[in-house]
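Novice: First the structure, which I've put down as structure tokens, then a few questions once you've had a look.
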Amino acid sequence: MDVQNQKESIARVKAVDGLRGLAALMVVLNHLIVVFLPAVYWGSEGSTVELFLGETPLNFFLNGDSGVGIFLAITGYGTYKVMQKNADRITKFVLLRYIKLLILTIVGAISVIIVEKARINYYGEVKILTGTIWLGDFSPAIDNFLVMLKYKPLYNLTVYNPTLWTMKYIFSGSMMSVILSALINKKRHNKVAVAGIMAICFFTILNFNEICYMACFMGTCLAFMEDEIHIRIKWYGELVLGLVAIYLCGYPTGKIPMFCFYKYLPSNKYGFYHLIGVCILLLITLKGKYMKTIMKTWIAQFLGNNAMGIYAIHFSIIISFSSYMYLLNILKNYHIVTKVILVFLLSILVICLGGYCVSRLIKKGYYLIEKVYSKLIIETDEKKGYIE
């Protein structure tokens, strides 16, 4: 790889990190919306502004489903890139990916347990005021943590932090991408075989109607096509594709649209719209100059580098700090929009700071485990005579 290609590769990695940061922000805003402005999401009783906002393309920035789709597509993309360079280290990749997601899930669950133990969960009181139906009567059995940790933790620990349901899809989607990447790399010089493999995988996932796995699949395919098709998207192409992506990703999730922006699109296909929009976003991030520049800004990079921590603890902060701020007497006389904006801004600030601290903790733990694993593998190889 020459110097120019290496620079372009680094730029793409940074841009994808920035896109991951955007996804984390979308998820956080979505969960703030469903708690404090539920009419935007579900279309229940609310102001005209709330009802209208939920059915416009501006809903893109509040759409958690599209944010999750971006996470999963990047998972497929990243898995292919790792397997392309380290095809002989599949066991290491799978094990460390599971450990990383497990640490993330445990941190997310423990943060909620701390909130419950400290009795600073104010979600129930906020629920009465805002009328949100998210989570129902959320009351996790915190004494069963060790039991839940012992058996299928990526699945069971979501009872403490429901927002971590994506962890199981990220892991299983990674495993699917590992297998697909191995098959593609083995047949990469036979375009017909590669197309056949992709088609079989596509229709299999489509048959089971698994949008989450489809996002991982599409991310993997984009990673392959990036190496095979060397194109650059012009500025006007970026603009048009970007607007299309925002429009598709902004399709409302919790209600059937009634206004003009989306009411002519079939409501039972919203996951498909989100997925296409996500793929377009990833494509212009990889191949567009201006999108790449935006995703390399310091704020996008900060969010991307700390997306793990933000995702892990944002829920516990929303049900504690954010809810407490919403209930403060000093904010009761403010207009609801002003009040919510203040709560959102303070919440995002606290979530970002907390996410930064948690990300550093998770990364240190992950690097330590990776170091120990690598040392054990080298020692084992030396004993078996693989290394002189």
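Novice: List nothing, just return the count: lysine pairs in segment 35-191, 8 or more apart or interchain, with Cα separation under 14 Å.
Specialist: Working: Lys85/Lys186; Lys92/Lys100; Lys100/Lys168; Lys152/Lys168.
Taking the Cα cut-off of 14 Å, the pair count is 4.
Novice: Let me ask something additional. Please identify the chymotrypsin sites (Phe, Trp or Tyr not before Pro) of segment 288-366 that satisfy two criteria: DSSP loop assignment and at most 16 other Cβ atoms within 10 Å. Which are they?
Specialist: On the way: sites: Tyr290, Trp298, Phe302, Tyr311, Phe315, Phe321, Tyr324, Tyr326, Tyr334, Phe344, Tyr356, Tyr366; in loops: Tyr334.
Passing both the DSSP loop test and the Cβ count: Tyr334.
Novice: So, one more: Sum -39500 (n - 2.57) across every DSSP H segment of at least 4 residues in the chain, then divide by the residue count to get the 222 nm mean residue ellipticity, nearest 500. Walk me through the intermediate numbers first.
Specialist: On the way: 18 runs with 283 residues, N = 388.
The helix-only estimate for the chain comes to -24000 deg cm²/dmol at 222 nm.
Novice: Measure nothing fancy, just the Cα-based angle from helix 3-36's long axis to the longest principal axis of the chain, in degrees from 0 to 90, nearest 10.
Specialist: So the inclination is approximately 30 degrees.
Novice: So if each residue of separation counts as 0.36 nm, and I subtract the Cα-Cα distance between Lys191 and Val94, what length gain in nm does that give?
Specialist: Numbers: separation 97, 0.36 × 97 = 34.92 nm, distance 2.74 nm.
Additional length available on full extension: 32.2 nm.
Novice: Another one. Which of the trypsin sites (Lys or Arg not before Pro) found in segment 113-180 are loop residues per DSSP with 13 or fewer other Cβ atoms within 10 Å of their Cβ? Don't jump to the answer; show the numbers that get you there.
Specialist: Details: sites: Lys117, Arg119, Lys127, Lys150, Lys168; in loops: Arg119.
Those that pass, being in a loop and sparsely packed, are Arg119.
Novice: Okay, moving on. Chymotrypsin sites (Phe, Trp or Tyr not before Pro), restricted to segment 148-204: which are DSSP loop and have at most 13 other Cβ atoms within 10 Å?
Specialist: Tyr151
Novice: Would you list, by chain and number, the lysines whose Cα falls below 17 Å from the Cα of Lys234, excluding same-chain residues fewer than 8 positions away?
Specialist: Qualifying lysines at Cα under 17 Å: Lys287, Lys289, Lys292.
Novice: How long, wide and thick is the chain, going by the Cα atoms along their three principal axes, in whole angstroms, largest first?
Specialist: Extents along the principal axes, in whole Å: 72, 50, 41.
The numbers here are math on the coordinates, done by the rules we state, and not lab data. Just so it is clear, the model here is predicted, and its values are computed rather than measured. Quick reminder, even Gly has a Cβ in these numbers, built from the backbone with ideal geometry, and neighbours come from all protein chains shown.
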